[in-house]
Amino acid sequence: MGTDSLLTPLSEMQREVVRLARDFAAAEILPHAERWDREAYFEPSIIRRLGALGFLGMLIPERYDGMGLDAVTYLLALEEIAAADASTAVLMSVHNSLPTQMILRWGSDEQRERWLRPMARGELLGAFALSEPEAGSDASALACQAVRDGSDWVLTGTKAWVTNGNTAGVIVAMARTDEPGERRGAKGISAFIVTPDLPGFRVGKKEDKLGLRSSPTVQLAFDELRLPGDRLLGAEGRGFIYAMQSLDHGRLGIAAQATGIARAALEHATAYAAERRQFGEPIREFQAIQFKLADMATRVASARALLHAAAAAKDRGEAVTPFSSMAKLQASETAMWVTTQAVQVFGGYGYVKEYPVERLFRDAKVTEIYEGTSEVQRIVIARSLYA
Ligand code: CAA
């Protein structure tokens, strides 16, 4: 079942981007994904290769060397990459949806000129540092402190769960700029452009994860990290709002990643059910398996349809906060459910590393956790009902 079987017909350009992503994933990612996962190995050349394809500047305008694409096209490409390797997909999703978009939307002309071109070309990978060890779902409780010193800012604190944190050349980090004695909640947070070359920047613990093992996730320690004044992004005190608005986009990326994982699991299960024989016939002949595959296919199509409806609304310039949360919630729970069914279709072979559904099952779980847990998405959706 093709990606576009339910979507409004794709344009020739969208088909071309999907083909490019699918061919790249088949040739350069899929053959290595199992080993990268097993060894928790991050292949650094993937950044340059994605950059050469234009896949690290998909939403950046052409004047900054990006592809200037719409969200729907970007998410179609992301699904293709995720179906091959969810770890590579999260690298791409975070970079395209969060730091580059924050600099594009709220950066000064000088900041855009300086950072967007190398980010679009894949010379600088981006990361997003919001969470802290004690501030996850309650993101506005973050404690990392930025203090003015002359025209500089001095940052002290620890960031947690930073995707691309040890490979990024640019990290958009949120820190408090309110006074410790006069906390202003979400309004006391600002966004900064941090680079790893600065004294006081240190990569901390690398997480040993259940899934997404070839995507490094690290802590970052800022120890009186001195930033020049031009590293403040946008207005002081607006950093939390910027982060939330960016996560509205980021969550669509995670929904595309989850859809890709679910679709890959469906494809593997469908092929296996046609091959695997028990009781004298292929197991696809049994209704127990047919119904499972039918439900899996229905959920994948629903997740993709909601995702693309939300992305199309974003492309029309509409506010998508609850729809982005719905798309992420639906796609991530679909990924977890569909990969669980795929393991069941494979039986014992689904439980071992020799077959790919075991990796997909592990990779699916985090989509229900990062960029806002399923519970946080439900909070956002429920609040919108009373807004
Ligand atoms: N767009 C614009 N503004 C928004 C907004 C949005 N989507 N969401 C919130 N705001 C604004 C609110 O309007 C409010 O502003 P005013 O005071 O002016 O009205 C301000 O932000 C504070 O909002 P809330 O009062 O709603 O904040 P809250 O403390 O109740 O938190 C929350 C709400 C939804 C739980 C939020 O904290 C949240 O989304 N938490 C999850 C954080 C998250 O997703 N973290 C993922 C980190 S990235 C990652 O996963 C790692 C990776 O690299 C992949």
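General remarks:
- Residue in region 253-270 that is surrounded by fewer than 20 Cβ atoms within 10 Å (Cβ to Cβ) and either within 16 Å of the ligand (Cβ to nearest atom) or not in a helix (DSSP H, G or I) (or both) present: no
- ALA364 in a helix (DSSP H, G or I) and touching a Ser or Thr at 6+ places or on another chain (Cβ under 6 Å): yes
- The set of residues in region 337-387 being loosely packed, with under 15 Cβ neighbours inside 10 Å, among the aliphatic types (A, V, I, L, M) and away from the ligand (no atom under 16 Å from the Cβ) consists of VAL352 alone.
- Verdict on GLN219 being out of contact with any helix residue (DSSP H, G or I) (no Cβ under 9 Å at 6 or more places or on another chain) and polar (S, T, N, Q): yes
- Yes/no for GLN14 being among the polar types (S, T, N, Q), over 17 Å from the mean Cα position of the chain (by Cα) and either in a helix (DSSP H, G or I) or surrounded by fewer than 22 Cβ atoms within 10 Å (Cβ to Cβ) (or both): yes
- Residue match in region 220-242 (condition: modelled with pLDDT of 95 or more, part of a strand (DSSP E or B) and within 14 Å of the ligand (Cβ to nearest atom)): yes
- Given (1) outside any helix (DSSP H, G or I); (2) away from the ligand (no atom under 14 Å from the Cβ); (3) closer than 21 Å to ILE369 by Cβ, index of the condition LEU212 fails: (2)
- Counting only residues that are surrounded by fewer than 17 Cβ atoms within 10 Å (Cβ to Cβ) and more than 16 Å from the ligand (Cβ to nearest atom), region 313-336 holds 2 of them.
- Scanning region 233-272 for residues that are under 13 Å from MET336 (Cα atoms) and not hydrophobic (A, V, I, L, M, F, W, C) yields GLN257, THR259, GLY260, ARG263.
- Identity of the residue in region 168-190, away from the ligand (no atom under 12 Å from the Cβ) and in contact (Cβ under 8 Å) with a residue 12 or more places away in the chain, that ends up farthest from ARG238 (Cα to Cα): GLY169
The values are calculated or read from the model by the stated rules, or taken from the named source; none is laboratory data. Given the structure is predicted, the values throughout are model-derived calculations rather than measurements. Cβ coordinates were reconstructed from backbone atoms using ideal geometry, including for glycine residues, and neighbour counts include every protein chain displayed.
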